[in-house]
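A short write-up of the structure that comes next.
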Amino acid sequence: RSTAERAEIMSLPAVRSLGSTLAKALDSDIFASFKSSKLTMLAAFVVFLLVLGAVLAPWVAPTNPFDPAQVFLMDASIPPSWQQGGDPRFIFGTDDQGRDLYSAILYGLRVSLVVGGLGVLLAAVIGITLGLVAGYVGGRVDAIIMRVADVQLTFPAILIALLIDGVVRGVFKAATREETAIPVLVLSIGLSFWVQYARTIRGSTLVEKNKDYVRAARLVGLPAPLIMLRHVLPNVIGPVLVILTINLGLAVITEATLSFLGVGLPPTQPSLGTLIAI
C-alpha cells in the first residue's frame, strides 16, 4: 500500500482505539512484571505451543487417529520411538488399536480445551451475574444467593456431573452418549466453579456500590441493571480475570478426571481423560 493509504487506515477510529489499547497494555505494570519473570515467560510459551498444537491438530498431526481409514491393527502397541522396538513414524508409540498417540494427544487436547473453556465461561457468567445481584441488592437476595453458594461448595464436580448426566439421560432418553457428553461436561464444570466468581464479585460490589459515582448514577435515575453492568462491573472485573486463568487449568483437569472415570466423553471422542483411560 502507498504511504497515503497506510496513513488513512491508521487514522480510522477503530485502528486508533486498538493501537491505544495495545499501547496501554504494553505499558502496564502487569506486562512489565510478566517480562521480568523468565519462568513466567517460559510457561506462557509452553502454553502457547500447546494451544497452537491443539488448534492446528488437523494440519500438524501425522494422522487422524479417529479415522478408521488411517488406523491399522498391525501397528498396535508399538512403544515410543526412543525405546527398543519403536517406530520413527510414531513418536509416542501407538495404543492397542494402532492409533498414533502423538496425534491422539493433539486431537484430545483441543477437545479438553474447548470443554474446559466453555465450562469456565459458563461459570463466570453465572458467578458474575449472581455476585453483582447479591452485592448490589443485598438483603434477603444476598442471603439466599450466598446460602446456595455455601451448599454448592459441599458438592464436588464429579457428583454434579453424575447428577446432571442422570437427569439428561432420564429426560432425553433417545439421545446418545455422544450427543450429550460435551453439554453435560460444560454444565457440570460451570455449576461447579461459579461460587468463586460470585463471592469475589459480591465482595468487590459491596465496596463499589457505596462510592460517589454509583450514588450519582442513582440520582440521575439510571436503572439498577444498567448501573451494575455499565458502572460497577468494569471496576470489579479485575480479580475475575485471575480466577479465569486458574480455573481454566482446573477445568481441563476436571474434564480429564470425569472422562477417565467414564462420566465424561466416550472413548469414541478423544480427550485427555479418555486417552488416559484407554
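The values are calculated or read from the model by the stated rules, or taken from the named source; none is laboratory data. Given the structure is predicted, the values throughout are model-derived calculations rather than measurements. Ideal geometry is used to build each Cβ from the backbone, glycine not excepted, and the neighbour counts take in all protein chains shown. Accessible surface is based on the protein model in full, side chains and every heavy atom, while ligands, DNA and RNA are left aside. Shrake-Rupley method; radii C 1.70, N 1.55, O 1.52, S 1.80 Å.
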**Request:** Could you list all residues from the range 190-203 that are surrounded by 17 or more Cβ atoms within 10 Å (Cβ to Cβ) and either of a type outside the set (S, T, N, Q) or free of Cβ contacts under 8 Å to residues at least 40 places away in the same chain (or both)?
**Result:** 190, 191, 193, 194, 195, 197, 198, 199, 201, 202
**Message:** aliphatic (A, V, I, L, M) and without any contact (Cβ under 8 Å) to a residue 40 or more places away in the chain: which single residue out of 219, 187, 206 fits that description?
**Reply:** 219
**Prompt:** Here are 141, 71: which of them is farther than 27 Å from residue 52 by Cβ, of a type in the set (Val, Ile, Thr) and open to solvent by 30 Å² or more (accessible area, probe 1.4 Å)?
**Reply:** 141
**Prompt:** Among 167, 151, which is the only one that is at pLDDT below 90 and under 18 Å from residue 202 (Cα atoms)?
**Reply:** 151
**Request:** Please specify each residue of the range 207-230 satisfying the condition of being open to solvent by 60 Å² or more (accessible area, probe 1.4 Å) and in a helix (DSSP H, G or I).
**Result:** 207, 212, 213, 215, 218, 219, 225, 229, 230
**Complete:** Expected output for the range 62-85 (first residue of a type outside the set (A, V, I, L, M, F, W, C), partner exposed (fewer than 13 other Cβ atoms within 10 Å of the Cβ), Cβ below 6 Å, 6+ apart or cross-chain) is 77/96; 79/85; 81/88
**Request:** Would you confirm whether any residue within the range 105-124 is buried (at least 17 other Cβ atoms within 10 Å of the Cβ), of a type in the set (Gly, Ala, Ser), within 20 Å of residue 58 (Cα to Cα) and in contact with a strand residue (DSSP E or B) (Cβ under 9 Å, 6 or more places away or on another chain)?
**Result:** no
**Complete:** Filtering the range 144-166 for residues that are open to solvent by 80 Å² or more (accessible area, probe 1.4 Å) and outside any helix (DSSP H, G or I) leaves a count of 3
**Prompt:** So is residue 99 of a type outside the set (Ser, Thr, Tyr), open to solvent by 30 Å² or more (accessible area, probe 1.4 Å) and touching a Pro at 6+ places or on another chain (Cβ under 6 Å) or not?
**Reply:** yes
**Asked** Looking at the range 1-79, what helices (runs of 4 or more DSSP H) fall wholly within it and have at least 2 residues that are modelled with pLDDT under 80?
**Response** 3-10, 13-26, 29-36
**Message:** Looking at (1) of a type outside the set (A, V, I, L, M); (2) under 30 Å from residue 105 (Cβ atoms); (3) touching a Gly at 6+ places or on another chain (Cβ under 8 Å); (4) surrounded by fewer than 22 Cβ atoms within 10 Å (Cβ to Cβ), which one does residue 274 not meet, given that it meets all the others?
**Reply:** (4)
